[in-house]
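Heads up: the structure comes next, in structure tokens.
The values are calculated or read from the model by the stated rules, or taken from the named source; none is laboratory data. Just so it is clear, the structure is predicted and the values come from calculations on it, not from any experiment. As a convention, Cβ positions derive from the backbone with ideal geometry for all residues, glycine included, and neighbour counts pool all protein chains shown. What goes into the accessible areas is simple: the full protein's heavy atoms, side chains included, and nothing from ligands, DNA or RNA. Shrake-Rupley method; radii C 1.70, N 1.55, O 1.52, S 1.80 Å.
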Amino acid sequence: MNIIAAVDQNWAIGKNNALLVSIPADLKFFREMTTGKVVVMGRKTLESFPGGLPLKNRTNIVLTKNPGYRVKGAICVHSQAELDQLLEQYDKEEIYVIGGERMYRMLLDKCDTAYITKIHFSYDADAYFPNLDEHPDWELAEESDEQTYFDLEYYFLKYRKKSFLQEQN
């Protein structure tokens, strides 16, 4: 499974259920990586999208504790066990965890690849992604050249779980 996020230099991902910054090249990268794939998110992440609607051209899976929660165009599950069972029917390579903080923390150990847009700036935030630079199970596998958006510098990073790298050798 994959995990994808844009983080600041402190691994912050959001404030008040919104992204910290909207970088067109990052949004394009996200679209390219997830279109035609399965995206897994929490309810708050879904509600942060325009109109609270699922992402087009993707299988949207939403985890919510509310058993009555329904959204047209999304599959709603109500427990981690139900989510795990549902995800078994999809190819692991086709699944992307897209947020928010609770979903990232809950599913990080089930993922083997993380696509991180790392923004060289520190924002005021209330939601964070686990710091993969300090995580003993993960290592940086690829790093893009420096990118810029106005005065912001950022990088596209690809992390791999160490156990996944060992399986590949």
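Scanning region 48-73 for residues that are in a loop (DSSP other than H, G, I, E, B) and among the hydrophobic types (A, V, I, L, M, F, W, C) yields F49, L53, L55, V71. Taking E139 as meeting all but one of (1) open to solvent by less than 60 Å² (accessible area, probe 1.4 Å); (2) part of a strand (DSSP E or B); (3) within 25 Å of K161 (Cα to Cα), write down the number of the exception. Condition not satisfied by E139: (1). Note on region 107-118: residues that are within 23 Å of T35 (Cα to Cα) and either assigned to a strand (DSSP E or B) or open to solvent by 20 Å² or more (accessible area, probe 1.4 Å) (or both) amount to 7.
Taken together, Y128, Y155, Y159 contain a single residue that is modelled with pLDDT of 95 or more, among the hydroxyl-bearing types (S, T, Y), touching a Ser or Thr at 6+ places or on another chain (Cβ under 8 Å) and open to solvent by 50 Å² or more (accessible area, probe 1.4 Å), which is Y155.
Taken over region 32-44, the criterion of being part of a helix (DSSP H, G or I) and more than 12 Å from the chain's Cα centre (by Cα) is satisfied by E32, R43, K44. Here G51 meets the list (1) small (G, A, S); (2) open to solvent by 70 Å² or more (accessible area, probe 1.4 Å); (3) closer than 25 Å to Y128 by Cβ almost entirely, failing just condition (3).
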